[in-house]
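Dropping a structure here in structure tokens format, bear with me for questions.
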């Protein structure tokens with residue numbers, strides 16, 4: 001067999017593999033668009049900034065003077081100026097994890113046909129996708145978004161007050177105007193919580209319809 005012909009076949013095979021394996025499909029592109037445009041809003045709704053948290057103690061309420069100082073501290077925390085809060089994001093977007101109990105939590109908020117078509121997509125949609133931290137549109141005056149791999153830096157080690165966000169794939173109804181995904185936020189091994197996010201598309205714009213908490217630690 002002609003060597004040139006073999007090389008052409010190999011080149012074409014490599015090209016086809018590269019295109020189909022590396023190029024994002026329409027769902028990947030749509031996911032990235034939604035995450036890019038809505039992630040800052042989701043962080044606003046779900047983040048805990050421990051720098052602003054004031055935890056009361058029994059001493060604060062022993063007398064009126066103690067109570068006064070406690071409430072003054074709360075007001076002071078509200079007016080303090082902070083550096084942008086560091087937030088970590090996992091760049092691997094995996095399939096949603098959950099069982100019938102989890103998905104039944106969102107059932108009351110969806111029409112029957114939409115719920116069933118989304119469950120069908122959860123069963124049939126395979127694989128994972130990737131999204132670099134730089135692709136998320138963030139308010140840089142409020143947040144400093146870093147990749148999860150940056151958490152290994154010395155200055156971030158043993159920081160249990162910083163959140164790591166994990167996103168799942170988005171699963172759509174047949175009309176592609178409703179979607180759901182999981183949003184998990186972890187600070188440490190025993191401190192975290194997660195939501196199923198319900199998305200709505202109105203006037204060609206995707207919005208967050210509802211956050212349904214499905215776990216907490």
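I need the full set of residues from region 93-108 which are touching a helix residue (DSSP H, G or I) at 6+ places or on another chain (Cβ under 9 Å) and in a helix (DSSP H, G or I), in order please.
Our first condition is that a residue be touching a helix residue (DSSP H, G or I) at 6+ places or on another chain (Cβ under 9 Å); within region 93-108, this holds for 93, 95-96, 98, 103, 106-107.
Selection gives 103, 107.
Among (1) surrounded by 15 or more Cβ atoms within 10 Å (Cβ to Cβ); (2) closer than 19 Å to residue 215 by Cα, which single condition is residue 172 missing?
It fails just one condition, (2).
Could you look through region 121-130, keep only residues that are part of a helix (DSSP H, G or I) and in contact (Cβ under 8 Å) with a residue 24 or more places away in the chain, and pick out the one that is surrounded by the fewest Cβ atoms within 10 Å (Cβ to Cβ)?
Going through region 121-130, the residues part of a helix (DSSP H, G or I) turn out to be 121-124.
With the extra rule that they be in contact (Cβ under 8 Å) with a residue 24 or more places away in the chain, the set shrinks to 121-122.
Numbers: 121: 18, 122: 16.
Of everything passing the filter in region 121-130, 122 is surrounded by the fewest Cβ atoms within 10 Å (Cβ to Cβ).
If you don't mind, there's one more thing I want to ask. Among the residues of region 51-65, are any under 18 Å from residue 168 (Cβ atoms) and either modelled with pLDDT under 95 or surrounded by 14 or more Cβ atoms within 10 Å (Cβ to Cβ) (or both)? If you could, list the steps in order and put the result at the bottom.
Let us first name the residues in region 51-65 that are under 18 Å from residue 168 (Cβ atoms), namely none.
No, because not a single residue in region 51-65 is under 18 Å from residue 168 (Cβ atoms) and either modelled with pLDDT under 95 or surrounded by 14 or more Cβ atoms within 10 Å (Cβ to Cβ) (or both).
Need at least 2 residues that are out of contact with any strand residue (DSSP E or B) (no Cβ under 6 Å at 6 or more places or on another chain) and farther than 30 Å from residue 114 by Cα per element, so show me which strands (runs of 3 or more DSSP E) inside region 131-208 make the cut, counting only ones lying wholly within it.
Numbers: elements: 143-147, 164-167, 178-188, 191-202.
Qualifying strands (runs of 3 or more DSSP E): 178-188.
Continuing with the same structure: Looking at region 96-118 only, could you name the residues that are modelled with pLDDT of 95 or more and over 16 Å from residue 211 (Cβ atoms)?
111, 112, 113, 114, 115, 116, 117, 118
Moving on. Quick one: in region 75-92, which of the residues that are within 19 Å of residue 55 (Cα to Cα) and in contact with a helix residue (DSSP H, G or I) (Cβ under 9 Å, 6 or more places away or on another chain) is surrounded by the most Cβ atoms within 10 Å (Cβ to Cβ)?
77
Would you tally the residues in region 42-94 being over 21 Å from residue 32 (Cβ atoms) and in contact with a strand residue (DSSP E or B) (Cβ under 6 Å, 6 or more places away or on another chain)?
Pass one, region 42-94, residues over 21 Å from residue 32 (Cβ atoms): 47-86.
Next, only the ones that are in contact with a strand residue (DSSP E or B) (Cβ under 6 Å, 6 or more places away or on another chain) stay: 49, 84-86.
Residues flagged as over 21 Å from residue 32 (Cβ atoms) and in contact with a strand residue (DSSP E or B) (Cβ under 6 Å, 6 or more places away or on another chain) within region 42-94 amount to 4.
Sticking with this structure for a sec: Conditions: (1) under 21 Å from residue 170 (Cβ atoms); (2) modelled with pLDDT of 90 or more. Residue 48 meets all but one. Number of the miss?
(1)
Follow-up question, since we're still on this one. Could you please find all residues in region 114-142 being farther than 16 Å from residue 91 by Cβ and in contact with a helix residue (DSSP H, G or I) (Cβ under 6 Å, 6 or more places away or on another chain)?
Within region 114-142, the first condition is being farther than 16 Å from residue 91 by Cβ, and the residues that meet it are 114-126, 139-142.
Matches in region 114-142: 115, 139.
Count, please, the residues in region 135-159 that happen to be modelled with pLDDT under 95 and surrounded by fewer than 12 Cβ atoms within 10 Å (Cβ to Cβ).
Matching residues across region 135-159 total 7.
The values are calculated or read from the model by the stated rules, or taken from the named source; none is laboratory data. Small disclaimer: the values here were computed from a predicted structure and weren't measured. Positions of Cβ are generated from backbone atoms using ideal geometry, with glycine treated the same way; all protein chains shown enter the neighbour counts.
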